[in-house]
1. With +1 on the Cβ of every Lys and Arg and -1 on the Cβ of every Asp and Glu, and nothing else charged, how large is the dipole of the chain about its Cα centre, in debye rounded to the nearest 20?
2. In square angstrom, rounded to the nearest 10, how much accessible surface does W117 have for a 1.4 Å probe?
3. Going by Cα centres, the stretch 181-217 and the stretch 232-249 are how many Å apart?
4. Work the Kirkwood hydrodynamic radius out for the chain: mean of 1/r over every pair of different alpha-carbon atoms, inverted, in Å.
5. Roughly how many Å² is the accessible area per residue of the chain, as a whole number, for a 1.4 Å probe?
6. Treat each spin label as a single point 7 Å out from the Cα along the C-beta direction, and report the W246 to V258 distance in nm.
7. In deg cm²/dmol, rounded to 500, what helix-only [θ] at 222 nm does the chain give when every DSSP H run of at least 4 residues adds -39500 (n - 2.57) and the total is split over its residues?
8. Measuring from label point to label point, each 7 Å out along Cα→Cβ, what is the L223 to E137 span in nm?
Amino acid sequence: MKKALVPALTILLVLIVGVIGYILNSGPVSGDEAADDCDVSAYTMGVKWQQQSAEAMALQGQTYEMAARQLDKAVSKAPDGEDLAIMTDLDETAIDNSKLLARDIAKCHDFSGWDTWDDWEQNGEPTMIPGALEFFEHADQLGVDIYYVSDRTEENRAKNVEAIAKLGLPQADDEHVMLLGPPKDERRAKVEANHTLLMQLGDTLHDFDGAFADASVDEQRELVEKNRAKFGTEWIVLPNPTYGDWSESDLDAWDAPVRADD
């Protein structure tokens, strides 16, 4: 009996040591370590560019500088007495939510399901896209009505209005914040019923026209070509490499063998 017990005790001891080792090695890890072990690491480069690159900062500021010049022209050409308006998306257009995306990547959580968005709307810490605040303040000074048309949830209306008002965005009130419910085309039509809509701003193409919403990426590219004259004047696009319809597209690769330098 004693001889038979020794191997059994040895096996039990090995199992105990293994379990303890697993527990110790499965504790909290850094964001980079978590991303390396998760499928969501595919998002890391885009989020890094959006949040950390000086190039993103320069391009965003440049876009809003161009938008301000175009808005000045549009206002100067508008007939006297008309009520003028601009319409803008919020997320990744006026405000930056990359902290949420970075947190989810670090926790190995796929943010593209948006199941963490409700918590972010209520408790998150968004920041301003460079150049955005100055642009919207300028529009306000010109006497232009600003409509924040976002697919943030109506259930969190009070928190959403509070969040954008806290960031200093002008006209951030219930009248000018239009949240998820009717499609953006319907919300746009409501603005246009009482205003001359001078400009729209967004980071995805369906922010500008509902035709983009159900179109494939190839069809979207065709629609971009057809509407080329509107971009940079009536339609102002902000860069967003962190999510979008394009993310599931296949890459078009050069069909040649890799010849690396020795």
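1. Values: 22 positive and 52 negative charges, 196 e Å.
For the chain, the charge dipole is close to 940 debye.
2. 30 Å²
3. Value for the Cα centre distance between the two parts: 14 Å.
4. On the way: mean 1/r = 0.0466 Å⁻¹.
Averaging 1/r across every pair of different Cα atoms and inverting gives 21.5 Å.
5. 61 Å²
6. 2.4 nm
7. Working: 10 runs with 118 residues, N = 262.
Per the formula, -14000 deg cm²/dmol.
8. 3.5 nm
The values are calculated or read from the model by the stated rules, or taken from the named source; none is laboratory data. This one's a predicted model, so the numbers in the text were calculated from it and none came from an experiment. We place every Cβ from the backbone using ideal geometry, glycine too, and count neighbours over all the protein chains shown. For accessibility, only protein heavy atoms count, side chains too; no ligands or nucleic acids. Shrake-Rupley method; radii C 1.70, N 1.55, O 1.52, S 1.80 Å.
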